[in-house]
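Working notes for the structure below.
FYI, it's all coordinate maths here, none of it is from the lab. In this text the structure is predicted, and so the values were computed from the model without any measurement. No Cβ is skipped: glycine too gets one built from the backbone with ideal geometry, and neighbour counts run over all protein chains shown.
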Amino acid sequence: MIAAAELARLDAVGEVRRFAQRGAHAREVARHAKGEISPDLAFTGGILHDIGKSVISDFLRGSTHEVLDRIETQQAADYLTAERSLIGFDHTEAGFELAQHWSLPEPLQSVIRHHHHPRQAPAEHQGLVYAVHLGDTIAMMGGVGTGCDTLHYQLDGDYTRFMDLAYSNLAAILLDVEEEFHRLADTLAEHKEP
């Protein structure tokens, strides 16, 4: 029988992997940019973009069914609207406030605030925000979600203004990142002490 502490550790490892995968998806999208977007900054943005969920999780505890019901009955257009209707703000707003408090670089603040609506980002950060937005969508398509809100958002098709990436290439990015993580796991397993 697995002890509760071991289950909690495994859950934490899974969370870290999911955030790292989202970062890797954003990094791979950034490599297809028409302009200059740092893949490393996109990776960091992919990891941090949902930091506001940690801030609001206590406020929404126990309300998952209510949030999803509001979306399904069209009382809320999406998860962000449902968050705002329940607590008065959404995870992007909470994350943005935290990013400002921590004095994160402005491009990362824009990613955190606008990753669901990249058109609203300042022009100088839109390419990066679109890379994270698209990376997040690819990750969700592959089952790498961060909660019950997975796939309750819309892909902004304007990503093609910033990325030389056809919709049909999104699956290739998904598979490339998955292979990268399998290779990493295999390498770690080879070096694991008995």
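General remarks:
- Inter-probe distance in nm under a simple model that places probes 7 Å from Cα toward Cβ, at Gln75 and Arg183: 4.9 nm
- For Met163, the residues 5 or more places off, or on other chains, whose built amide H falls under 5 Å of its own are Lys34.
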